[in-house]
Structure formats: structure tokens, C-alpha cells
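The values are calculated or read from the model by the stated rules, or taken from the named source; none is laboratory data. Just so we're clear, the structure is a prediction, and the values are computed from it rather than from any experiment. Every residue, glycine as well, gets a Cβ built from its backbone with ideal geometry; the counts of neighbours run over all protein chains shown.
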Amino acid sequence: MRALDARAIRELAIPGARLMDNAGTAAATRIARWLAPIRAKRVVVVCGKGNNGGDGFVVARRLHARGAAVRVFLVGRRDEVLGDAAHALRQWRGAVAEITTGAGLDALARELERARVIVDALLGTGLTGPARGLAAGAIEAINRITAAGDEPRRSGAPVVALDLPSGLDSDRGVVIGPTVRATWTVTFAGLKRCLALYPAAAAAGTVEVAPIGIPDEEIRRGVTTWRPEAADARRAFPPREPDSHKGRFGHLLIVAGSLGKTGAAVLAGRAALRSGVGLCTIAVPQSQQAVVAASAPEYMTAALPETPSRSLSLQARQLILDLASGMDAIALGPGLSLDPESQELARALVREAARPMVVDADALSALAGHLDLLPRAAGPRALTPHPGEMARMLGRSIDAVQADRLEITRAFCREHRVALALKGAGTVVGGPDGQVAVNPTGNPGMAKGGSGDVLTGIVGALLARGLDPAEALRDGCYVHGRAGDLAARERGEVAMIAGDIVEQLPAALLEIAG
């Protein structure tokens, strides 16, 4: 955003003061719409000394012009406000209450008690560490008024954050210190990473992107981090031609299952078929073949040599490679087991199979300490680790992975020349070209055993239908999450299970198709 502002001023000759005025005006318009009628409503605008505060001064002026009763508080002194923000402050001709001591915070708290809406314009994208001092005190005053304990209480005065809730690190999804808990966030020109990544995104409430007069093509220039929308996933599911046949939609081989874990194979197979693959074959240990075959009549099964623990044996290696040679893609890993022989088989298949492959679950565990296999793999690879599996592969802690999900995903994909979906709230999908997407769909009800197996089946189906690994992961995660959202709507987040996600795939795909 800083680079975009600089280009707009330098190359497009849009003055910074105009950008600030556009931003504040856009925010004021939305506030007036959300809280209509705004006339006579008591609005408290809490400003910092930087450009975020400048946006706040514009909001104050625009809402005052609409008849709102506006009070402006400045954390600092007027003479400390510089540049475009100082220009915006001069244009606001009303009173400004300076907060320079604890007494100023007390005055703010009293005014917040009377507010009908609070505008957070304290700290923006320039924050480099936790909020401290009077700024932290102002954040805590806002949160005391608008929250009961740790849970936001939306029956009180709503909080509208400008650009991002004050206290957030704009580039990461972590909460680094005192942070405003907003009801709405109006962000300018484009999303900031913290508004898409959890747990930071939870502080933003409902987010709306407001244009500020910079052309769309300029905003998109150089961007490498995206949030997919339904229109992106729609391209993966075009209308079918009248003369279509199953051979046009790919044949997926799922290598999965072991004693006690046949459900993982079944869920992946059902999800693949619901995601439009033409044919699906599930290769399982021979003792488990009857169980898997009886679970659904639509897919085929192959019985393969097994270990004494009834997982797939290394002896199955050539049989699987031969099977795969006649198919379009492979899904490897659901319920495969951690048997050493099955783990060795997984590594051999990752290295040797020429078809595109999605690697999940126990097959990811097999890669820990063996990541050198990935750049040498015979075909394209898509990995779907949860944070624990990612931590094992990298030899790091889960906390380290979660602290910078975007850049860890980007670096892994570039280094190992793979596509990868780091699962979780705001699943991060990356490809070897350095492009990364943060998935917006899904909910906590999907934190159930089997949900990942459903995703594997969806991604495998898309690979078999010809999508490249990064596209298959991006679109697969979007569809998977949307089906999960529909399942939560029908069953509730507590009661829903992985099979409910499969059953909602048709509705999700119909919705995405428009």
C-alpha cells in the first residue's frame, strides 16, 4: 500500500491530500449508510498523529456536514501532526481534544460512554511494533466500552476502523499487542494481509474495500497475494457440452486407507466424484478392499499387497505406478498409516509417479526429512498440510509456522517447486511462481476428522480434470470451504461432520456456477 500511494503521487500525479480526502469521504459515506439516519447521532473519532489520523479528520468533517454530532480526539498535540494529515486537520474546523496525559484518556472514556458510533483512526499500516503508551490506552478505552470481557458486544456503540483496526501488524495475521476490536473495517484501495489472516482478521469485523481514486490496473500491478472469489472458482467448473462423456473429465487414482482408516479413503472418493471427476479408483490394502467397495457403488477399487499391520506394502509400488500410468491424476495419503513400509512407499510414489499428484495426511509425514524428493519428482505435486504437518516437514514449531503463514508458504513453494495449501482459518495457497492466495471460505465446524480427506478428493478431481496444481488447490479450497459453510448453516458448527461437507458440494457448486 505504501508503494501504491507513492506511485499514485509520483507517476499518476494524484496528490496525497486528495487520496486522503477520497479515503475519508468513502469511509464517511459507508458509515452514514450503515447507521442511517446519521443526523444528530453522536460520533466520536479517535485520531492518531499520522495519515490514519488524517483519514479520521476527513471522516469527522464529512459526517459533520451530514448533520452528525462529531467529537474528535487526538492522541498527541496538534503541532505534532504533519504533512497531508495536517492539511486534513486544518480543514476540520471543529474542536479537537488533545490526549497528552492520563486525564485526556479519562475524558475520552467519558465521551465514548455517550457515543452512538466510534471511529478508530489511531494507527494504520505504518505500525512496526505493539501499540504503547497513550495509543495503547486509547485502544483499551475503546475496547472497554464496546466489549464485555473478551467477547465483542455489538449491542453497544459500533466501532468503525479506518484501513485496519489500530494495533494490528498490517503484514501478518498475528496479534502483536493491544488491538481495537472493530464492528466494521473500511479498508482503502485493497485488502491488507491482516484483514484476511487469522487470528488478526477476527478483530476487523465486517470488512469492506473502498476505492480512493487509484485505477484498478494500477492497484493490481505487482500484487502477489490475493483473496479468491466465487468467480475465480467458477472457471474450474464450466458448463458441460451436450456430447460429454466420462472420459473427458479425468480418471483419479486414490492411494489411501489402512486398517481402521478406510473412512479416509471413502471420504476422498466420494468428494472426488461430487467434484466432477469422470472416474475414480481407490487403491487400498487387500484386506480393506471389501470395506471400501461396500461404502459407495460409484467408484472402483483395487486390492493391493499389504503389511502385517494391514497398510499398503512397498510391494505395491510397481502395481500402483502401472495403475497410475492409465489415469490422469493421483491422490496420495488419506489414512495411509505411519507404518515404516507404507511411509517408504509414499516417498517412492512422490518421487516416481509421473502423473499430477495431491499429497496429504500420512504421505506428508513421509516427507519429513526428505523434502529433497520434491524438486526431483517425476510430475507436478500439490501438498495440503495442516500446521502440524507443515511444522514437521520444516523441522520448526507450529507457532513459528503460524506466525507468518503467507511467507512460509511462498518460500516453501518456490524452494521445492510445488503448490501447497497450508490449511487452517484462512488457508494459504501458494505456487512455485510466488503467487499466494488466502482462502475466504470455511468455518470452525470444519475442524473435524475427515475434512482434510474431503479436500484431498476435491483437489484430486480438479487435477484429473486438467487444472494445474496451484489452480486445483485454490479452487478446491474455495469449494471445500463453501460446502462447509453450507453444512454449518444446515447442521450447525458443533454437529456438522466431514460427510456433511461432501453432501453440500452439489449446492456449493450450483451457487458458484451462479
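Residue-by-condition table, conditions (1) on the phi < 0 side of the Ramachandran plot; (2) crowded, with 23+ Cβ neighbours inside 10 Å:
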| position | (1), (2) |
| --- | --- |
| Asp5 | yes, no |
| Val46 | yes, yes |
| Asp55 | yes, yes |
| Gly83 | no, no |
| Ala109 | yes, no |
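Could you tell me whether any residue of the range 420-429 is part of a helix (DSSP H, G or I) and of a type outside the set (Ser, Thr, Tyr)?
no
Scan the range 261-288 for residues that are without any contact (Cβ under 8 Å) to a residue 60 or more places away in the chain, touching a helix residue (DSSP H, G or I) at 6+ places or on another chain (Cβ under 9 Å) and either farther than 26 Å from Ala483 by Cβ or surrounded by fewer than 24 Cβ atoms within 10 Å (Cβ to Cβ) (or both) and jot them down.
Leu279, Thr281, Pro285, Gln288
Just wondering, is there one or more residues in the range 426-433 that are under 30 Å from Glu493 (Cβ atoms), in contact (Cβ under 8 Å) with a residue 12 or more places away in the chain and either touching a Ser or Thr at 6+ places or on another chain (Cβ under 6 Å) or surrounded by fewer than 22 Cβ atoms within 10 Å (Cβ to Cβ) (or both)?
Yes - at least one qualifying residue is present in the range 426-433.
Against the condition in a helix (DSSP H, G or I), β-branched (Val, Ile, Thr) and either surrounded by 19 or more Cβ atoms within 10 Å (Cβ to Cβ) or in contact (Cβ under 8 Å) with a residue 24 or more places away in the chain (or both), how does Ile219 come out, does it pass? Spell out how you get there, then give the answer.
Working: in a helix (DSSP H, G or I): yes; β-branched (Val, Ile, Thr): yes; either surrounded by 19 or more Cβ atoms within 10 Å (Cβ to Cβ) or in contact (Cβ under 8 Å) with a residue 24 or more places away in the chain (or both): yes.
Considered against the rule, which asks whether it is in a helix (DSSP H, G or I), β-branched (Val, Ile, Thr) and either surrounded by 19 or more Cβ atoms within 10 Å (Cβ to Cβ) or in contact (Cβ under 8 Å) with a residue 24 or more places away in the chain (or both), Ile219 comes out as yes.
Across the range 474-495, what is the number of residues that are out of contact with any helix residue (DSSP H, G or I) (no Cβ under 6 Å at 6 or more places or on another chain), under 15 Å from Val428 (Cβ atoms) and either assigned to a loop (DSSP other than H, G, I, E, B) or not charged (D, E, K, R) (or both)? Can you show your working first?
First, pick out the residues of the range 474-495 that are out of contact with any helix residue (DSSP H, G or I) (no Cβ under 6 Å at 6 or more places or on another chain): 474, 477, 481, 485, 489-490, 492, 494-495.
The next check asks that each one be under 15 Å from Val428 (Cβ atoms); those that pass are 474, 477, 481.
From what's left, either assigned to a loop (DSSP other than H, G, I, E, B) or not charged (D, E, K, R) (or both): 477, 481.
Residues flagged as out of contact with any helix residue (DSSP H, G or I) (no Cβ under 6 Å at 6 or more places or on another chain), under 15 Å from Val428 (Cβ atoms) and either assigned to a loop (DSSP other than H, G, I, E, B) or not charged (D, E, K, R) (or both) within the range 474-495 amount to 2.
Quickly run through the range 249-265 and pick out the residues that are over 11 Å from Ala464 (Cβ atoms) and either in contact with an Asp or Glu (Cβ under 9 Å, 6 or more places away or on another chain) or not in a strand (DSSP E or B) (or both).
So in the range 249-265, the residues over 11 Å from Ala464 (Cβ atoms) come out as 255-265.
If the condition is that a residue be over 11 Å from Ala464 (Cβ atoms) and either in contact with an Asp or Glu (Cβ under 9 Å, 6 or more places away or on another chain) or not in a strand (DSSP E or B) (or both), then Ala256, Gly257, Ser258, Leu259, Gly260, Lys261, Thr262, Gly263, Ala264, Ala265 are the ones that fit.
Rundown of residues vs (1) in a loop (DSSP other than H, G, I, E, B); (2) over 24 Å from Ala472 (Cβ atoms); (3) touching a Pro at 6+ places or on another chain (Cβ under 6 Å); (4) at pLDDT 95 or above, yes/no style:
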site: Leu267; (1), (2), (3), (4): no, no, no, yes
site: Leu273; (1), (2), (3), (4): no, no, no, yes
site: Gly276; (1), (2), (3), (4): yes, no, no, yes
site: Cys280; (1), (2), (3), (4): no, no, no, yes
site: Ala290; (1), (2), (3), (4): no, yes, no, yes
site: Met327; (1), (2), (3), (4): yes, no, no, yes
site: Ala331; (1), (2), (3), (4): no, no, no, yes
site: Ser342; (1), (2), (3), (4): no, yes, no, yes
site: Ala354; (1), (2), (3), (4): yes, no, no, yes
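In this structure, does Arg110 turn out to be in a helix (DSSP H, G or I) and not acidic (Asp, Glu)?
For Arg110, the condition - in a helix (DSSP H, G or I) and not acidic (Asp, Glu) - is met.
Report yes if some residue within the range 481-498 is modelled with pLDDT under 95 and more than 15 Å from Gly276 (Cα to Cα); otherwise report no.
Within the range 481-498, none of the residues are modelled with pLDDT under 95 and more than 15 Å from Gly276 (Cα to Cα).
Does Pro215 fit the bill of being outside the structural domain of Ala421 (by TED's automatic domain parsing) and either modelled with pLDDT of 95 or more or touching a strand residue (DSSP E or B) at 6+ places or on another chain (Cβ under 7 Å) (or both)? So that I can check it myself, show each step before the final result.
Values: outside the structural domain of Ala421 (by TED's automatic domain parsing): yes; either modelled with pLDDT of 95 or more or touching a strand residue (DSSP E or B) at 6+ places or on another chain (Cβ under 7 Å) (or both): no.
When the stated conditions are applied, Pro215 does not pass them.
Can you tell me which residue is nearest to Trp34 (Cα to Cα) among those in the range 59-106 that are in a helix (DSSP H, G or I), of a type in the set (A, V, I, L, M) and touching a helix residue (DSSP H, G or I) at 6+ places or on another chain (Cβ under 6 Å)? Steps first, answer last, please.
From the range 59-106, those in a helix (DSSP H, G or I) are 59-65, 78-80, 83-91, 102-106; that's our starting set.
Filter once more, so that each one left must be of a type in the set (A, V, I, L, M): 59-60, 63, 65, 85-86, 88-89, 103, 105.
From the residues that got through so far, the ones that are touching a helix residue (DSSP H, G or I) at 6+ places or on another chain (Cβ under 6 Å) too are 59, 63, 85, 88-89, 105.
On the way: Val59: 14, Leu63: 13, Ala85: 26, Ala88: 24, Leu89: 25, Leu105: 28 Å.
It comes out as Leu63.
So for the range 229-249 (the condition being in contact (Cβ under 8 Å) with a residue 40 or more places away in the chain, buried (at least 21 other Cβ atoms within 10 Å of the Cβ) and closer than 30 Å to Leu314 by Cβ), does at least one residue qualify?
no
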